[in-house]
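Read the structure below first, then the notes.
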Protein chains: 2
Amino acid sequence: MVLPGITQIREAIDSELLEFTRARAEQLNAIDSHLAPVADALTDFITDGGKRFRPIFAYLGYLGTGAAPSEKALRACAALELVHVCALIHDDVMDGSDTRRKKPALHKRFEKLHRTNGYAGESEKFGVAAAILLGDLALSWSDEMLSESGLTSADTQRAAPLFYEMRAELMAGQYLDVLEGALASSDLDRSRKIARLKSGKYSIERPLQFGVALAGKFPELQNLFSDYGLPLGEAFQLRDDILGVFGDSALTGKPAGDDIREGKRTVLMALATSKMSDTSHSILQSALGNPNLDNSQVAQIQELVKDSGALAECEKLIEQLLQESLRALEHPALDTSVANYLREMAVAATNRKS
Amino acid sequence: MVLPGITQIREAIDSELLEFTRARAEQLNAIDSHLAPVADALTDFITDGGKRFRPIFAYLGYLGTGAAPSEKALRACAALELVHVCALIHDDVMDGSDTRRKKPALHKRFEKLHRTNGYAGESEKFGVAAAILLGDLALSWSDEMLSESGLTSADTQRAAPLFYEMRAELMAGQYLDVLEGALASSDLDRSRKIARLKSGKYSIERPLQFGVALAGKFPELQNLFSDYGLPLGEAFQLRDDILGVFGDSALTGKPAGDDIREGKRTVLMALATSKMSDTSHSILQSALGNPNLDNSQVAQIQELVKDSGALAECEKLIEQLLQESLRALEHPALDTSVANYLREMAVAATNRKS
């Protein structure tokens, strides 16, 4: 059987998302013409080139069982992206992030709409309210897209528990992440646990298992995908940590050193903290969470983190986790072509620049 | 067939919600012990005596078709309450409301947790982040509760489109409501349209139609329930408008005159504005949206609205809409006992003090 390549899968997911979103946008416009900015903003956000990691993993999980390519299954997998869209929109509100993918974050877009039109009340409050509601709408749409994939209700019902578990783990992980910032701790074990929850489970393990459940065969692949997904998710998150401090803003679409300004308690920061001199440590502590850091201060923190050896150790950890994850794929039950794609995805997820 | 009374239905819904929420709270605690405040807050919020209008209407829609009482159908109907829980939690964040049902709003509860524990960062920001995530969780749980009601997947799939439409209309209605405040218009037609969307469709028509779809028979009841639900929903919202300005805070659990401070553009306000002298109008305009109004200023606005005749006209409108809605129930296809319950619900919804 000839399987579609990853690029082809991504494009097919993009086109399913576009079709679904267009139909929903029409529904909004039919309710009231004042909803046009909501319909436009969600269409732009959803169709504007995310990496689609979660739907791709889900569809690879499906294909990994040897199930034949299916447009319906692909559509069900694409529904995971809408959960992610909600998470991103709400995350930007919670973090107060101004940009997403080099464009204004959604709450900023509606803040601007408010200001440009000279509306009454506070522009910022309007932007936040709109972004909360648009995230809710995306989350609600995720169920709708899953339910209307065209698969039998029995197929959908079988995969639904994984879908719900994934969402609960995502929101739990987000809360723990916010809490970790508030606890201002640099506990390495906790940071790694949260990384495992947010990225390992939510972004990789659960999507793959969701795909297996959709196919309805070879449930033994569920364990294999835990062994592949959890270390890879952690490696993915570690790459995020590194990009959040050292990333090239031209590639990430976020200001350089964004995580430092936001005071994120990442594994990278926990490693750096444990390895620093007291002087460096106090410089780092006063920089973490200071929204007004300038570029030279960010550069200073980058130097300190690099000099501590934390960056190198983080890279080493990523490599170890990647190898652990690749070893899990050497399993006779898994379709060979899909195993190759999963290798490709693993390398891409851990070596990315954005 | 002897049908359960409304109080009995409400209690059964309460107990389904309690059981579901307890199981989910355990799941959260199993993920991480730091999630205990999330589990507790959601349990308190969900089980703390809402009116359960939407699940009750949904179950009455189901019973109205002559379908036999069913615990599974009741559970599916109770899922609508979790959508409402999300809407309330997020609404309080968007409005900056401090209280809900005489207790601190959820974002305030987490703001306090942050302050009490001396966490790092801004308490307010932490509270908002937690409330956004807890609302997301409740919304996600609504699908889970529907999907796990025990009904066949065919039954669920048949009712699902109404569930999704209801949620989209809710979020659209919320956005239009926020926008209406920003437009600072006093357009009576638009206010009535939004009232129809938010309360008519979301709170009454769609829940009833959802119940009919669950039962899978007598689809002609769908139209009857539109004729009953839409005017009743508008009457319900008008009662809300009146309570928002004239309500007894000991009964509503919200500060007196809350809608004035929030600058809500309600039908009551649109009526008042159209009937006032220029002097009264400018007093009203400067009070609307002023969060610092004291009790005597609130009392002055109450007097102005009353003197304008808007209060009396609003009461008259409620009565007309109530009668219109009751007339729709005189239909041979509808189970007689259920028709009586729906009369009881209509009167309760439009005469309530809270």
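Computed values, structure above
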| item | result |
| --- | --- |
| Neighbouring partner chain Cβ atoms per residue of A:124-130, average, 10 Å criterion | 5 |
| Full-stretch length increase - B:Ala68, B:Lys103 - with 0.36 nm per residue and alpha-carbon distance subtracted | 8.8 nm |
| A:Leu293 long-range amide H proximity, modeled H, under 5 Å | none |
| Tensor-based shape of region B:6-351 (alpha-carbon gyration tensor, a/c under 1.5 rounded, otherwise prolate or oblate) | oblate |
| Spatially proximal aspartates and glutamates relative to B:Lys72 (Cα-Cα < 19 Å; intrachain offsets below 8 disregarded) | B:Glu11, B:Asp14, B:Glu16, B:Glu19, B:Glu81, B:Asp143, B:Glu144, B:Glu148, B:Asp155 |
| Calculated [θ] (222 nm, deg cm²/dmol) that DSSP helices of n ≥ 4 give over chain B, each run adding -39,500 (n - 2.57) | -24500 deg cm²/dmol |
| Beta carbon of chain B nearest to the axis of the rotation taking B to A, residue and angstrom distance | B:Ser153, 2 |
| Eligible lysines near A:Lys112 by straight Cα distance, threshold 23 Å, same-chain separation 8 or greater | A:Lys102, A:Lys103, A:Lys125, A:Lys254, B:Lys125, B:Lys264 |
| J(HN,Hα) series, region A:321-336, from Karplus relation 6.51 cos²θ - 1.76 cosθ + 1.60, nearest Hz, glycine and proline x | 5, 4, 5, 4, 5, 5, 4, 4, 6, 7, 9, x, 6, 8, 3, 5 |
| Karplus 3J(HN,Hα) series, Hz, for region B:153-166 with 6.51 cos²θ - 1.76 cosθ + 1.60 (x for Gly, Pro) | 5, 5, 4, 4, 4, 5, 8, 4, x, 5, 4, 5, 4, 4 |
| Whole-Hz couplings from phi, Karplus 6.51/-1.76/1.60, listed for region B:345-354; x for Gly and Pro | 4, 5, 5, 4, 5, 9, 10, 5, 9, 8 |
| Shortest-first nm distances, B:Ala120 label point to equivalent points in other copies (7 Å, Cα→Cβ) | 4.3 |
| Sites matching GluC sites (Glu not before Pro) across region B:298-354 that sit in DSSP coil, with at most 10 neighbouring C-beta atoms within 10 Å | B:Glu330 |
| FRET efficiency estimate (nearest 0.05) - Cβ-Cβ, A:Ser15 to A:Ala120, R0 45 angstrom | 0.65 |
| Inter-copy spacing of B:Glu330 label points, which lie 7 Å from Cα along Cα→Cβ, given in nm from shortest upward | 8.2 |
| Across the identical copies, how the B:Gln302 labels are spaced - nm, sorted shortest first, 7 Å along Cα→Cβ | 6.1 |
| Residue exposure sequence - B:Ser15, B:Ser325 - by fewest surrounding Cβ within 10 Å | B:Ser15, B:Ser325 |
| Segment B:Asn223-B:Asp40, length gained on full extension (0.36 nm per residue, minus Cα span) | 61.8 nm |
| Residues with amide H under 5 Å from that of B:Thr99, placed H, sequence gap 5 or more | B:Ala105 |
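Only the coordinates and a few stated rules stand behind these numbers; no lab work does. Every value quoted in this text rests on a predicted model; they were computed, and no experiment measured them. All Cβ positions, even for glycine, are placed from backbone atoms using ideal geometry, and neighbour counts span all protein chains on display.
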